Amino acid sequence: MSTTIEPLRPPSTPPDTGGPDGGAPDAHGPGQPSRRHVLRAIGLGGATVVVAGTGLLSYRVYDSGALTPGGGHAYDPWQQWRDAPGPLGAVACAILAANP
C-alpha cells in the first residue's frame, strides 16, 4: 500500500467585487496610488517648497542687511550729506529734509 500525501493548497479566493467596505470597487487598480497618497505627496512637496523658500528669503534679508536699523545703502545720504562740497551739500540737505 503506497499512498502519497499531497501538499495542502490554499483555497481559491473569489474575485474582488467590492471595496474595503463591500461597496463599489476601488477606483485605483494595482500599482496606482490612491487619492490620499497623491494629496499627501503634494502637501509634502508644497511644504518643502515653502520651507526652502523661507530659508532662502531669510538668508537674503540677512545678507543684504535689510533689517539693520539706520544702515545700508538707503541711509548713506544721511551720513554723507555734510561731505558734499558747495551747493551740492545744500541740495542734499534739502532733499533729506523733505524725506523724514
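The values are calculated or read from the model by the stated rules, or taken from the named source; none is laboratory data. Just so you know, these numbers come straight off a predicted model, no measurement behind them. Here the Cβ positions follow ideal geometry from the backbone for every residue, glycine too, while neighbour counts run over all protein chains shown. Calculation scope for accessible area: heavy atoms of the full protein, side chains included, ligands and nucleic acids excluded. Shrake-Rupley method; radii C 1.70, N 1.55, O 1.52, S 1.80 Å.
Some points to look at:
- Taken together, the residues in segment 65-74 that are surrounded by 11 or more Cβ atoms within 10 Å (Cβ to Cβ) and assigned to a helix (DSSP H, G or I) amount to 0.
- Only residues that are open to solvent by 100 Å² or more (accessible area, probe 1.4 Å) and within 28 Å of ALA74 (Cβ to Cβ) were counted across segment 28-64, and they come to 5.
- Qualifying residue in segment 24-40 (condition: aliphatic (A, V, I, L, M) and either at pLDDT 70 or above or within 30 Å of ALA92 (Cα to Cα) (or both)): yes
- Taking the criterion of being surrounded by 10 or more Cβ atoms within 10 Å (Cβ to Cβ), assigned to a helix (DSSP H, G or I) and aliphatic (A, V, I, L, M), the residues of segment 75-100 that qualify are LEU88, ALA90, VAL91, ALA92, ALA94, ILE95, LEU96.
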